[in-house]
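Below is one structure, written out as structure tokens, with a few remarks after it.
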Amino acid sequence: MEEIIFLESHGFPIVSPTELENLLLEIPDVADAAVIGIPDALADEVPKAFIVKKPESGITDKEILKYVNARVVHYKKLAGGVVFVDIIPRNPSGKILRNELKVNECKYVKV
């Protein structure tokens, strides 16, 4: 089953995290990426990106947001933000463990 981010109650279609991940992986300084939906007061969920930078990369969250947000419609923008992590959790076959990211999402909240 494909993972989706729900926005339908506000008149927007669903968002595929894979679509956003593929866009993020176009950025030369991004080694790996995962996107999940996080709860939002105005929408059911909004996309949040978890990024593994390539070694020696100095890319910032603002640069990533600018890149993605310039290429997607408003409801696909990374309104949940961008967080840098050391590794994207995956199962042995390489599938992103989105539930693990969701369960541990509070650990990645920027302060």
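The values are calculated or read from the model by the stated rules, or taken from the named source; none is laboratory data. Every value quoted in this text rests on a predicted model; they were computed, and no experiment measured them. Counting neighbours? That spans all protein chains shown, and the Cβs are built from the backbone with ideal geometry, glycine included.
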Fill in: Meets criteria (of a type in the set (A, V, I, L, M) and without any contact (Cβ under 8 Å) to a residue 24 or more places away in the chain) for Val85
no
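Each row is one residue, and each column tells you yes or no for (1) touching a Leu at 6+ places or on another chain (Cβ under 6 Å); (2) modelled with pLDDT of 95 or more; (3) more than 17 Å from Thr18 (Cβ to Cβ).
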| position | (1), (2), (3) |
| --- | --- |
| Ala33 | yes, yes, no |
| Gly37 | no, no, no |
| Ala41 | no, no, yes |
| Glu45 | no, no, no |
| Lys53 | no, yes, yes |
| Glu56 | no, no, yes |
| Ile59 | no, yes, yes |
| Val68 | yes, yes, no |
| His74 | no, no, yes |
